[in-house]
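Written out below as structure tokens is the structure these notes cover.
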Amino acid sequence: MKFIINVTLILSMFAVKVATAQNQSIEITVVNATSDKGMVIFALYNKANYMKQPIQGKTATITKGKSSVVFKNVAAGEYAVICYHDKNSNEKMDFEANGMPLEDYGATNNKMNFGPPRYDDAKFDVTDKNVSLKIRF
């Protein structure tokens, strides 16, 4: 009887850990928007869909140069977030004729190079805890 109770207790703890590991949240905050005009558009990706169809997408207003979103119910794994300041609220990133962006953008880990953000520079892990990250444009 004692053995059955111990096994049941261990299985219950494992089930709770598995359930919580699949329901984490990722809070992303842009900390240096140049104005409060427009909005920030955020996209959550994994390696397979990077810069294609996001797993989750969100928009947020800007107040005093800051904008935050929370991606909920995120399974454990490796992810990256890209965002941009949609100053004219047309829900697309605007570019010059030569391909240079007209709107500020950023990615998790804040490693920016010439060209679009790279997944390997922006990736981070979600495990059994919620994640909170800051992005600078």
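The values are calculated or read from the model by the stated rules, or taken from the named source; none is laboratory data. Only a predicted model underlies this, so the values are computations on that prediction, with no experimental measurement involved. No Cβ is skipped: glycine too gets one built from the backbone with ideal geometry, and neighbour counts run over all protein chains shown.
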Taking region 111-125 and the residues there that are surrounded by 13 or more Cβ atoms within 10 Å (Cβ to Cβ) and without any contact (Cβ under 8 Å) to a residue 12 or more places away in the chain, the one that is nearest to ASN49 (Cα to Cα) would be ARG118
- Do we have ASN90 as assigned to a loop (DSSP other than H, G, I, E, B), modelled with pLDDT of 95 or more and closer than 24 Å to ASP125 by Cα here? no
When GLY106 is run through (1) of a type in the set (Gly, Ala, Ser); (2) at pLDDT 95 or above; (3) not in a strand (DSSP E or B), the failure sits at (3)
Selection from region 34-67 of residues closer than 19 Å to ALA122 by Cα and in contact (Cβ under 8 Å) with a residue 40 or more places away in the chain yields VAL40, ILE41, PHE42, ALA43, TYR45, LYS47, TYR50, MET51
- Kindly check whether there is at least one residue in region 96-109 that is surrounded by 14 or more Cβ atoms within 10 Å (Cβ to Cβ), free of Cβ contacts under 8 Å to residues at least 40 places away in the same chain and in contact with a helix residue (DSSP H, G or I) (Cβ under 9 Å, 6 or more places away or on another chain). yes
All-but-one check, MET51 against (1) over 21 Å from SER25 (Cβ atoms); (2) surrounded by 15 or more Cβ atoms within 10 Å (Cβ to Cβ); (3) at pLDDT 95 or above, failing number (2)
- Would region 24-41 turn up any residue that is at pLDDT 95 or above, in contact with a Phe, Trp or Tyr (Cβ under 6 Å, 6 or more places away or on another chain) and charged (D, E, K, R)? no
When every residue in region 38-48 that is touching a strand residue (DSSP E or B) at 6+ places or on another chain (Cβ under 6 Å) and within 14 Å of TYR119 (Cα to Cα) is compared, the one surrounded by the most Cβ atoms within 10 Å (Cβ to Cβ) is TYR45
